[in-house]
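Chemist: Just dropping this structure here.
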Amino acid sequence: MKGASMGVMRTATRTMVSIVVSGMLTAGICATGQSAAQAKAAPVAKTSAKAPSAKAQAQPWKKIAIPPLHAFKPQQPKRIELANGLVIFLQEDHELPFIDGSVLIRGGSREEPAAKVGLVSMYGEAWRTSGSTAKSGDALDAELAEKAAAIETGGGLANTSVGWSSFKQDFDSVFGEATDLLLHPAFKAEKLAMAQRNMATGIARRNDDAGEIAGRESTKLLYGASSPYARQAEYATVDGVTLDDLKSWHDRSVVPNNMIVSVVGDFDSAAMETKLRKVFEQLARGAGVQPAKIDFSGPKPGVYFADKEDVNQSSVEIVGLGTERSNPDYYALSVMNEVFSGGFGSRVVQYVRTKLGLAYSVGGSYGAAYDHPGEFRSSAGTKSVSTVAATQAVLEEIGRLKTKPPTPAELNKAKDDVMNSFIFRYDTPEKTLNEQVTLAFYGYPADFLEKYKDGIARVTAADVTRVANKYIDVSKLAIVVVGNKTEIKPPLTTLGTVTELDITIPAAKGK
């Protein structure tokens, strides 16, 4: 939720030491210096001892006892709600002399007007580069550089934000500058123009990469081209954004009942609460930003193709609607997802990439978003001549989720992988704080994380097959291929009727 550079000092100061012990295999050269081919051709003396089979060879690693995961009890932050509706989370962490903070503000690009797509992204950029009414963005840069501190602003799909990071002794001054930027921004015409140029550059380059095209176009099919979850900025929508638009957005969204403030680091919670109350208690409530109401009907099934003549490979995306994390079947779907596409040992990788050799990259995810359906997505990168075969193989493996329950080994591995990954996402106070802020932002209960381990542990093989049959229907999926039409043999029509996608970039006004 923070800007990309927040917490840089904290991350840089932590030293992670990784000890990798590896054995060197020298199968290509034998002890006498012969090549493997020479050794194979040379006569071998017969011995009475029979070489042990692979199964008979010792596998001592299988005897290593793996202890169960410890109880998941992350350090919970202190939660405070002010009378004006603003929520504060405080997380003490005295390991290092840093303090990081952020203000998360409801309302993002999904709420911006359709005629001004790109507004929130440019707002997030121009907000910081313009600075406050008391200090320009350039002057703020110079001041922060002297303190090895940072203040960032940003705009995303569901929120905008201000974040800051500093040494403990510089907190008061950096926090003061951050709140001044929050409450007294000075949106400047030249900074908006710079943000518009940056957006225009992105638009001009958006068809450079086949994978990015496939991802973008499949998302448009999934949610609808005009959906706030899929629409894209154009020259006209970017040019249509004005300074008044930025100021209006700010005035509407930056109200206390629309914000969550979080602070983590080396401080005393009582003293920090006093400082925050002094700044934020004086703010008056406002209407805030209401979440957009959107219908989700899923993609129109079929095969869709975008021709890109300068490539010799194809990017394939197969998409359908996913689910929300509030779904009671979320746990079973998480395990199903791990069985299907959880790394190199997963079914789709083992079948499509390892066994058939049809794709150099393949994967998938049954996505679960917080407040809207996520994406059920399977992707493959393959040679042009393997496009149809690779697509068919991925579809076959998706279908097998409904008919082939996970084996005990698959189920146990999937559950272990899910839980180990989960635990390490919340193994520091800062990570736990960020997740609690996210849960509060989307209205989830504070104990949602604590219930996750038990939810995963209860999943059975029958549950995985049940949710696969309930939520997966191959006939309702859309297939998007971006590649070189002349090199795809057999043609995509082997998969069904093909709809050509128009990825032309509309010209800028006056050009």
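Derivation of every value follows stated rules applied to the coordinates shown; laboratory data play no part. Here the structure is a predicted model, which is why all the values come from computation and not from measurement. Cβ: placed from backbone, ideal geometry, glycine included. Neighbour counts: every protein chain shown.
Chemist: For segment 302-500, give me the percentage of DSSP beta bridges that are antiparallel, rounded to the nearest 5 percent. Can you show the working numbers first?
Modeler: On the way: 21 of 32 bridges.
Counting only bridges with both partners in segment 302-500, antiparallel ones make up about 65 percent.
Chemist: Related question: Excluding E487 itself, calculate the net charge of residues whose Cβ lies under 10 Å from the Cβ of E487, where each Lys or Arg counts +1 and each Asp or Glu counts -1.
Modeler: Working: positive: K383, K485, K489; negative: E309.
With Lys, Arg at +1 and Asp, Glu at -1, the net is +2.
Chemist: Still on this structure: Full extension from F424 to S136: what is 0.36 nm times the residue separation minus their Cα-Cα distance, to one decimal in nm? Don't skip to the answer; put the middle values down first.
Modeler: Values: separation 288, 0.36 × 288 = 103.68 nm, distance 3.98 nm.
Fully extending the segment from F424 to S136 adds 99.7 nm.
Chemist: Need one word for segment 75-161: rounded, prolate or oblate. Basis is the Cα gyration tensor (sqrt eigenvalues a ≥ b ≥ c); a/c below 1.5 gives rounded, then a/b vs b/c decides. Could the numbers behind the result be given before it?
Modeler: Numbers: a/c = 2.27, a/b = 1.17, b/c = 1.94.
Verdict is oblate for segment 75-161.
Chemist: Another question, if that's okay. Out of (i) 68.8, 206; (ii) 25.9, 85; (iii) 27.1, 91, which label holds the value of Rg and Dmax of the Cα atoms in Å that was computed here?
Modeler: (iii)
Chemist: Related question: For segment 435-511, rounded, prolate or oblate, judged on the Cα gyration tensor with a ≥ b ≥ c (square roots of eigenvalues), a/c < 1.5 rounded, else prolate if a/b > b/c? Provide the component values of the computation, followed by the final result.
Modeler: Working: a/c = 4.12, a/b = 1.58, b/c = 2.61.
Oblate, since a/c reaches 1.5 and b/c is not below a/b.
Chemist: E81 versus Y360, label points 7 Å from Cα toward the beta carbon: distance in nm?
Modeler: Between E81 and Y360, the simple spin-label model gives 5.3 nm.
Chemist: Going toward the positive end of the dipole of the chain, with +1 on Lys and Arg Cβ and -1 on Asp and Glu Cβ, which of F441, G399, P429 do you reach last?
Modeler: Towards the positive end, the residue furthest out is G399.
Chemist: Sticking with this structure for a sec: So which of K78/K293; K62/K415; K135/K278 end up more than 25 Å apart, counting from Cα to Cα?
Modeler: From K78/K293; K62/K415; K135/K278, over 25 Å: K78/K293.
Chemist: Shape call for segment 74-280 from the C-alpha gyration tensor, a ≥ b ≥ c root eigenvalues: rounded (a/c under 1.5), prolate (a/b greater than b/c) or oblate?
Modeler: On the way: a/c = 1.94, a/b = 1.66, b/c = 1.17.
Prolate, since a/c reaches 1.5 and a/b exceeds b/c.
Chemist: Of the DSSP beta bridges with both residues in the chain, give the percent that are antiparallel, rounding to the nearest 5.
Modeler: Working: 50 of 67 bridges.
Approximately 75 percent, going by the DSSP bridge assignments.
Chemist: Sticking with this structure for a sec: Would you please put 333-345, 396-408, 280-292 in order of how densely packed they are, using the mean number of other Cβ atoms within 10 angstrom per residue and starting with the highest?
Modeler: Values: 333-345: 21.7, 396-408: 16.6, 280-292: 14.0.
Result, highest mean Cβ count within 10 Å first: 333-345, 396-408, 280-292.
Chemist: Determine the alpha carbon to alpha carbon distance for each of K402/K485; K402/K451; K300/K383; K275/K453 and list only those over 29 Å.
Modeler: Values: K402/K485 33 Å; K402/K451 27 Å; K300/K383 26 Å; K275/K453 37 Å.
Distance filter (> 29 Å) returns K402/K485; K275/K453.
Chemist: Next up: Just to verify a number: FRET efficiency for A446 and I294, C-beta to C-beta distance, R0 = 22 Å, to 0.05?
Modeler: 0.25
Chemist: As a quick test, which of the pairs K413/K489; K220/K404; K147/K191 have an alpha carbon distance above 26 angstrom in this structure?
Modeler: Details: K413/K489 38 Å; K220/K404 31 Å; K147/K191 24 Å.
With Cα atoms farther than 26 Å apart: K413/K489; K220/K404.
Chemist: Now for a different question. Label points 7 Å out from Cα along the Cβ direction at K63 and A284: separation in nm?
Modeler: Reported label-point gap for K63 and A284 is 7.7 nm.
Chemist: While we're on this one: For the chain, what is the mean residue ellipticity at 222 nm derived from helices alone (per DSSP H run of n ≥ 4: -39500 (n - 2.57); sum divided by total residues; nearest 500 deg cm²/dmol)?
Modeler: On the way: 16 runs with 186 residues, N = 511.
Result for the chain, helices only: -11000 deg cm²/dmol.
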